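Report on the structure given below.
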Amino acid sequence: MTETSESPSRRALIGWGGAGLALGAAAAGGAVAMARTGDDLDPTAAESGAAVAFHGAHQAGIATPVQDRLHFAAFDVKTDDRAEFVQMLKDWTVAARRMTAGQTVGEGAYGGLAEAPPDDTGEALGLKPSRLTLTIGFGPSLFEKFGLADARPEALVDLPKFAGDNLDKNRSGGDLCIQACADDPQVAVHAIRNLARIGFGKVVIRWSQLGFGKTSSTTPDEQTPRNLMGFKDGTRNIAGTETDRLKKFVWADEKDGTPNSAWMTGGSYLVARRIRMHIETWDRTSLQEQEDIIGRDKGEGAPVGKAKERDEPFLKAMLPNAHVKLAHPDTNHGATILRRGYSFTDGTDGLGRLDAGLFFLAYQRDVRKGFIPIQRSLAPDVLNEYIQHVGSAIFAVPPGVRDKDDWWGRTLFSKEA
């Protein structure tokens, strides 16, 4: 892959404007609208199958309106060659830019040299962009490679062991990750598959997770989604239009940490947790007990003693160990995260029980002031009788790709600011 693959393909043409603003795209058969990301969101894009702008100060897939499907993959790095790895990141960026615009990778899935494998695997041919976003993150273990130890941000801490953790090492960690979100699951899977193909010999997938049924929203005017326990989830989530809260709680700042971590300015820190739900036990629990455990009613989603979902919770009316009370910012000295979770079902566990639950994704400016104190506060949560954290990872998510000459990870791997 080279930058020459940015030239117009058989399927689409795309023009990119300065300052990270996508001007638009035209695909074969008609125009494809470009949804805005970051501080300027287009709420109509969710219904149109539109493309989400790839360029911007922040990576898409964080504050972007949450899509319906997820394919998340963590990778281990296999190459010791820094230049080879950097070239892969550049190649990935080119491919991601094209796929998020609804274009094929490189020269496409057919019509090329018959004796060589196609540039694109082909399963997304004819499909809309489906608001595909691709978000990259770097794990703590990456900074043990390529002479990057001094560039590891202070906020990229190794997560402590939390009460009740039963982590599977085969579903945890990773040198880097790609989060693919889209409204069409085949579009998301296609994206991960093609990035893994491009990275062959340099990286290998360590673990991955498919998700459906978003369990949070960054657009409050939408109906709040429900998790597999049947309760509305993420009612108080940060909205993608709340620029002040995003700046305070989500985006890393150049004043954070040491000068060596300034490369993270405009980025964020991601905690991914695979949470197994004991569905069968929950389903035999009375409605009243379920509502007491959560701290909200199951129908409207209103907090205890209130009438509407978005009414301010009266924490003293809840059980001392109710989930909403323990997770609330007022209980955690204002700690706030941006949630972007998905439900999952991965068959059964061999004992007739569903392997199902929540793939929890949380973005924040500093994990030490976000996820960690909140998760510690949840230690006595009575909900823990019905869930268990079985997978865990943390990643530094760099700032966005500014324009067609920029690439994922440039601020970390290049001396150029």
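Given the Cα atoms of the range 126-274, and with Rh set as the inverse mean 1/r over their pairs in the Kirkwood sense, what is Rg to Rh to two decimals? Could the numbers behind the result be given before it?
On the way: Rg = 17.4 Å, Rh = 18.0 Å.
Ratio value, two decimals: 0.97.
Look at the dipole of the chain built from charges on Cβ: of Ile387, Ser414, Gly240, the Cα furthest out on the positive end belongs to Ile387. Summary value for the chain: 22 percent relative contact order, contacts being C-alpha pairs under 8 angstrom separated by 6+ residues.
Give me the angle, in degrees from 0 to 90, between the Cα long axis of helix 82-100 and the longest principal axis of the Cα atoms of the chain, rounded to the nearest 10. Approximately 80 degrees, to the nearest 10.
Applying the Kirkwood pairwise sum to the alpha-carbon positions of the range 56-195 produces a hydrodynamic radius of 16.9 angstrom.
Between the residues Ala151, Pro373, Trp251, the greatest Cα displacement towards the positive end of the dipole of the chain, with unit charges on the Cβ of Lys, Arg, Asp and Glu, is found for Pro373.
Considered as an equivalent ellipsoid built on the Cα gyration tensor, the range 108-176 has semi-axes of 37, 19, 13 Å, the largest given first.
Grab the DSSP H runs of the chain that are 4 residues or longer, score each as -39,500 (n - 2.57), total them, divide by all residues and round the 222 nm result to the nearest 500 deg cm²/dmol. Display every interim value, and only then the final one.
Details: 8 runs with 69 residues, N = 417.
Taken over the chain, the calculation gives -4500 deg cm²/dmol.
Which longest run of the chain has no exposed loop site in it, a site being chymotrypsin sites (Phe, Trp or Tyr not before Pro) in a DSSP loop with at most 14 other beta carbons within 10 Å, and the site itself not part of the run? Longest stretch, sites excluded: 201-313.
Distance from the alpha carbon centroid of the range 57-101 to that of the range 355-387 works out to 25 angstrom. Summarising the amide proton neighbourhood of Leu127: residues at separation of 5 or more, or on other chains, whose placed amide H is nearer than 5 Å comprise an empty set. Compared with the dominant Cα axis of the chain, that is its longest principal axis, helix 185-198 is turned about 50°.
Taking the Cα centre of the chain as reference, the dipole from Cβ charges on Lys and Arg (+1) and Asp and Glu (-1) amounts to some 340 debye.
Along each principal axis, taking the top coordinate minus the bottom one, the Cα set of the range 221-274 gives 45, 27, 11 Å in descending order.
By the Cα gyration tensor, the range 329-381 has an equivalent ellipsoid whose semi-axes, rounded to whole angstrom, run 29, 13, 8 from largest to smallest.
Relative contact order for the range 289-404: 21 percent, from Cα pairs under 8 Å spaced at least 6 residues apart, divided by residue count.
Within straight-line reach of Lys128, meaning a Cα separation under 23 Å, sit the following lysines at least 8 residues removed in sequence or on another chain: Lys214, Lys404.
Only one residue of Val324, Thr219, Gly299 has its Cα farthest out toward the positive end of the dipole of the chain, where Lys and Arg carry +1 and Asp and Glu -1 on Cβ, and that residue is Val324. What is the projected area of the convex hull of the Cα atoms of the range 87-141, averaged over all directions, in nm²? Over every viewing direction, the Cα hull of the range 87-141 projects on average to 5.1 nm².
Separation of the range 225-256 from the range 320-335 is 15 Å, based on Cα centroids.
Treating the chain as a set of equal point scatterers at the Cα positions, no solvent, please give the Debye-formula log₁₀ I(q)/I(0) at q = 0.07 Å⁻¹. Debye intensities relative to I(0), on a log10 scale: -0.32.
Sparse packing (at most 14 other Cβ atoms within 10 Å of the Cβ) combined with a DSSP loop state is found for the following GluC sites (Glu not before Pro) in the range 234-285: Glu254. Per the Debye formula on identical point scatterers at the alpha carbon atoms of the range 258-378, with no solvent, log10 I(q)/I(0) at q = 0.14, 0.17 Å⁻¹ is -0.77, -1.04.
Rule-based calculations on the coordinates, nothing more; no lab input. Just so we're clear, the structure is a prediction, and the values are computed from it rather than from any experiment. Cβ sites come from the backbone with ideal geometry, for glycine too, and all protein chains shown count toward neighbours.
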